[in-house]
1. So which of GLU41, GLU58 ends up being at pLDDT below 85 and touching a Ser or Thr at 6+ places or on another chain (Cβ under 9 Å)?
2. Scan region 158-168 and give yes if some residue there is crowded, with 21+ Cβ neighbours inside 10 Å and within 21 Å of LEU140 (Cβ to Cβ), otherwise no.
3. Yes or no: ASP212 among the acidic types (Asp, Glu) and under 20 Å from LEU71 (Cβ atoms)?
4. Starting from region 145-161, keep only residues that are free of Cβ contacts under 8 Å to residues at least 12 places away in the same chain, then list their pairs with residues that are among the hydroxyl-bearing types (Ser, Thr, Tyr) and in a helix (DSSP H, G or I) whose Cβ atoms are within a distance under 6 Å, requiring at least 6 positions of separation or different chains.
5. Taking the stated definitions as given, is ILE114 of a type in the set (A, V, I, L, M), in the same structural domain as SER206 (by TED's automatic domain parsing), surrounded by fewer than 21 Cβ atoms within 10 Å (Cβ to Cβ) and assigned to a helix (DSSP H, G or I)?
6. State which residue is surrounded by the fewest Cβ atoms within 10 Å (Cβ to Cβ) when the search covers only region 55-85 and only residues that are more than 22 Å from THR217 (Cβ to Cβ) and hydroxyl-bearing (Ser, Thr, Tyr).
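The values are calculated or read from the model by the stated rules, or taken from the named source; none is laboratory data. Worth saying up front: this structure is predicted, and the values here are computed from it rather than measured. Neighbour counts are summed over all protein chains in view; Cβ atoms, including those assigned to glycine, are modelled from backbone coordinates with ideal geometry.
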Amino acid sequence: MAEAQAGWIVLSEKEKKKGKTVTTTPRDTRKEEKEEDFDDEDESALFNLSLVNATVFEEAYSRGKWLLFLLVLQSCSSFVLSSNEALIQDNVIITLYLTMLVGAGGNAGNQSAIEVITGLATGAIEYNAESFGKTVSKQLRVGALLGFFLGAGSFARVYVTNRDVIGSFAISTACFSIVVCSTIVGGALPYVLIFCGQEPANAGSSVQVCMDVLGVTITCLVCTYIFQNADFVVGVLHSTTAS
């Protein structure tokens, strides 16, 4: 009688997040507990926990093969630099601030990747197409704001040291483009790794390598355009300042 009056109220973890309370029968309770266990297993299946109890050799092998792949991928930036050798020789300012640019991209992308990885691990973010679209859309907007902020900071940093308006504008524009790209890559990469059957936690290190290559590429493309159209850029900057 007491049990009937109490109504056997069961509140699952997911229902707590949604703020809902469900009244069930004892049979429904057992069924719901099984479903909850399945959901927890389903979420934890996204993350490989085997390395926790792995031997030194097993962990080194598992991590080493991924790091080797990233090493080879990161070396691709040398092809980009060699194909833009003339640009870099004529504009030394690119060399001076290239590490700053790729570092900013890696840091911004890593922040986005960690946010998504944490969300997937805790269940705050689900692994589906709708969640992927929302995440990429959010990171695009966040990246635009971060890119504007870091772009302004990089312009001031370069101009204070070099007193070069065109060079400062080229570096700041590249910084803006890299940061926007990196936040999108960082937000999307955990989903991509899961889809490919890889550990999503590798997104943190992967986004750094990806942005090293993309950062160098974006910097060379942006600087090539701006330096080749320096007169036009100066006119736009003067008209913007005058207005």
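1. One residue alone meets the criteria, GLU58.
2. Scanning region 158-168 turns up no residue that is crowded, with 21+ Cβ neighbours inside 10 Å and within 21 Å of LEU140 (Cβ to Cβ).
3. Yes, satisfied.
4. Cβ pairs passing all conditions: TYR159/SER168.
5. So ILE114 passes the test.
6. Among those residues, the one meeting the criterion is THR55.
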